[in-house]
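Participant: Below you'll find the structure I mean.
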Amino acid sequence: MITKELILGIMPNAHNVDVILPFLTDSCTHYEINTPKRENCFLAQIAVESGEFRYLEEIASGAAYEGRADLGNTEPGDGIKFKGRGLIQITGRANYQQISNDFGVDFISNPELLETPQYATQSACWFWNIHGLNPLADIEDFVRITKRINGGTNRLIQREMYWNKAKILNP
């Protein structure tokens with residue numbers, strides 16, 4: 001079970017733990033991120049993606065995503081409007097539309113909602129689920145998990161550092 005102590009043990013500089021924790025425990029339960037292997041892989045990934053919960057919105061402007069059809073960014077301004085948000089950094093009009101459909105919340109008109117603790121957390125668990133990451137966590141295929149989240153292996157060493165801490169604290 002994910003606790004404040006576990007989070008702070010893995011991410012000693014974590015921000016807003018008390019605010020995020022209730023949403024995290026509820027969402028992890030809902031999406032069955034509920035075994036040590038799953039929790040450890042998930043927490044390691046969101047630690048990097050959010051800078052230990054520091055960033056619920058991507059630091060970069062999003063201009064690099066402009067015109068990226070693979071992300072569904074087909075309208076002028078989509079790159080900036082639909083830049084990464086949430087604990088896993090949901091990116092692109094297509095992902096915002098899919099999560100809007102699945103949650104029944106209009107993230108297209110209100111993309112900043114994904115920066116709120118509730119939706120930042122729920123969207124990360126949703127992303128984890130729709131990309132089939134629980135089975136990969138069960139077999140500890142951490143590199144494939146990283147590639148599905150990040151599109152590559154950016155900051156893999158940092159992700160593995162968090163994962164190794166998590167495995168010690170949550171065997």
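The values are calculated or read from the model by the stated rules, or taken from the named source; none is laboratory data. These numbers come from a predicted model, not from an experiment. In this analysis, Cβ positions are derived from the backbone assuming ideal geometry, glycine residues included, and neighbour counts consider all displayed protein chains.
Participant: Look through region 138-171, keep the residues that are part of a helix (DSSP H, G or I) and among the charged types (D, E, K, R), and return whichever of them is surrounded by the most Cβ atoms within 10 Å (Cβ to Cβ).
Facilitator: Across region 138-171, the extreme among qualifying residues is Arg159.
Participant: Give Ser100, Ser109 a once-over and let me know the one that is in a loop (DSSP other than H, G, I, E, B), out of contact with any strand residue (DSSP E or B) (no Cβ under 6 Å at 6 or more places or on another chain) and modelled with pLDDT of 95 or more.
Facilitator: Within the list Ser100, Ser109, the selection yields Ser109.
Participant: Further question on the same structure: Any residue in region 43-62 that's in contact (Cβ under 8 Å) with a residue 12 or more places away in the chain and outside any loop (DSSP other than H, G, I, E, B): show its pairings with residues that are small (Gly, Ala, Ser) and surrounded by 24 or more Cβ atoms within 10 Å (Cβ to Cβ) at Cβ separation under 7 Å, as long as the two are six or more apart or on different chains.
Facilitator: Partner pairs satisfying both residue conditions: Leu43/Ala166; Ala44/Ala166; Ile46/Ala124.
Participant: With the structure loaded, tell me whether Ala124 is modelled with pLDDT of 95 or more, within 17 Å of Phe23 (Cα to Cα), out of contact with any Asp or Glu (no Cβ under 8 Å at 6 or more places or on another chain) and surrounded by 23 or more Cβ atoms within 10 Å (Cβ to Cβ) or whether it fails that test.
Facilitator: It is false that Ala124 is modelled with pLDDT of 95 or more, within 17 Å of Phe23 (Cα to Cα), out of contact with any Asp or Glu (no Cβ under 8 Å at 6 or more places or on another chain) and surrounded by 23 or more Cβ atoms within 10 Å (Cβ to Cβ).
Participant: Further, regarding this structure: Of all residues in region 7-24, which are closer than 10 Å to Ala47 by Cβ and of a type in the set (A, V, I, L, M, F, W, C)?
Facilitator: Ile7, Ile10, Met11, Ala14
Participant: Taking Glu32 as the residue in question, decide whether it is loosely packed, with under 14 Cβ neighbours inside 10 Å and closer than 19 Å to Ile130 by Cβ.
Facilitator: Spelling it out, Glu32 is indeed loosely packed, with under 14 Cβ neighbours inside 10 Å and closer than 19 Å to Ile130 by Cβ.
Participant: Would you tally the residues in region 69-97 being part of a loop (DSSP other than H, G, I, E, B), in contact with an Asp or Glu (Cβ under 9 Å, 6 or more places away or on another chain) and among the hydrophobic types (A, V, I, L, M, F, W, C)?
Facilitator: Counting residues in region 69-97 that are part of a loop (DSSP other than H, G, I, E, B), in contact with an Asp or Glu (Cβ under 9 Å, 6 or more places away or on another chain) and among the hydrophobic types (A, V, I, L, M, F, W, C) gives 2.
Here's the yes/no breakdown for (1) in the same structural domain as Asn154 (by TED's automatic domain parsing); (2) under 16 Å from the mean Cα position of the chain (by Cα):
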position	(1), (2)
Leu8	yes, no
His15	yes, yes
Ala47	yes, yes
Leu71	no, no
Asn95	no, yes
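Participant: Here is a follow-up. Residue check, Lys37 against (1) crowded, with 17+ Cβ neighbours inside 10 Å; (2) assigned to a loop (DSSP other than H, G, I, E, B); (3) of a type in the set (D, E, K, R); (4) in contact with a helix residue (DSSP H, G or I) (Cβ under 7 Å, 6 or more places away or on another chain), all met but one. Which one?
Facilitator: Evaluating Lys37 over (1) crowded, with 17+ Cβ neighbours inside 10 Å; (2) assigned to a loop (DSSP other than H, G, I, E, B); (3) of a type in the set (D, E, K, R); (4) in contact with a helix residue (DSSP H, G or I) (Cβ under 7 Å, 6 or more places away or on another chain) leaves (2) as the failure.
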